[in-house]
Amino acid sequence: MSDYKNIISAYKDKPGGLIEAYHALQREYNYIPEDAIAVAAEIFDVSPARAYGVATFYSYFKVGPRGRYIIRICESAPCHVAGAAEVVSALESELKIRMGETTADGKFTLEFCECVGQCQGTPVITINSTPHVNVSAKTIPEILQGCK
């Protein structure tokens with residue numbers, strides 16, 4: 001827990017400090033540990049409910065464990081029309097999990113996201129924020145192999 005305190009305390013006196021602390025936690029752990037929210041509430045002198053509300057309000061923040069590789073697929077109209085559903089099926093089949101889940105080994109998490117600004121290459125997935133464009137069901141095994 002002291003690691004949480006050290007990370008969070010570094011942002012105590014900065015504008016937007018709570019949000020910046022959550023960004024730092026997510027960089028460190030790839031998610032916001034639930035125990036860290038109570039520490040943040042104490043350090044920023046806000047109620048636990050408010051600290052939790054901030055952590056869960058922003059779609060970028062995730063509370064609770066996630067995989068080492070966060071795979072997001074854009075669900076905007078251009079990606080949908082270009083075949084995103086087939087890419088989702090391929091990801092779920094290859095990883096043997098459903099969207100919103102994490103593999104048992106903690107390696108991969110699948111999530112939907114909104115547009116990532118790569119509409120020239122739909123459908124698009126990101127892996128830990130790195131975009132992969134013109135993805136198809138056939139390219140998924142090769143892309144995932146790059147993570148192993």
**Asked** Using 1/(1 + (r/R0)^6) with R0 = 30 angstrom and r between the beta carbons of residue 98 and residue 24, what's the FRET efficiency to the nearest 0.05?
**Response** 0.50
**Item:** Length-normalised contact order for the chain - Cα pairs under 8 Å, 6+ apart - percent
**Value:** 19 percent
**Fill in**
With segment 48-117 reduced to its Cα atoms and the Debye formula applied, log10 I(q)/I(0) at q = 0.15, 0.25 1/Å amounts to -0.57, -1.10
**Asked** Under 5 Å between amide H atoms, partner at least 5 residues away or on a different chain: which partners does residue 122 have, H built in plane at 1.01 Å?
**Response** 134
**Rounded if a/c under 1.5, otherwise prolate or oblate - segment 29-82, Cα gyration tensor axes** = oblate
**Asked** Could you state the number of Å between the C-alpha centres of segment 60-74 and segment 16-43?
**Response** 15 Å
**Asked** So what's Rg/Rh here for segment 1-143, counting alpha carbon atoms and using the Kirkwood radius for Rh?
**Response** 1.05
**Request:** Leaving ligands, DNA and RNA out of it, report the carbon-plus-sulfur percent of the accessible area of segment 1-82 at a 1.4 Å probe.
**Result:** 51 percent
**Item:** Residues of type aspartates and glutamates that residue 12 reaches as a straight line, Cα spacing below 20 Å, ignoring anything fewer than 8 places off in the same chain
**Value:** 3, 20, 28, 34, 35, 42, 45
**Asked** Tell me, what is the FRET efficiency for residue 115 and residue 47 to the nearest 0.05, using R0 = 30 angstrom and their Cβ-Cβ distance as r?
**Response** 0.30
**Asked** Counting only heavy atoms of protein chains, what accessible area per residue, in Å², does the chain have with a probe of 1.4 Å?
**Response** 56 Å²
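The values are calculated or read from the model by the stated rules, or taken from the named source; none is laboratory data. Note that the structure is a prediction, hence the values are computed from the model and not measured. No Cβ is skipped: glycine too gets one built from the backbone with ideal geometry, and neighbour counts run over all protein chains shown. Heads up: the accessible areas ignore ligands, DNA and RNA and are worked out on the full protein's heavy atoms, side chains in. Shrake-Rupley method; radii C 1.70, N 1.55, O 1.52, S 1.80 Å.
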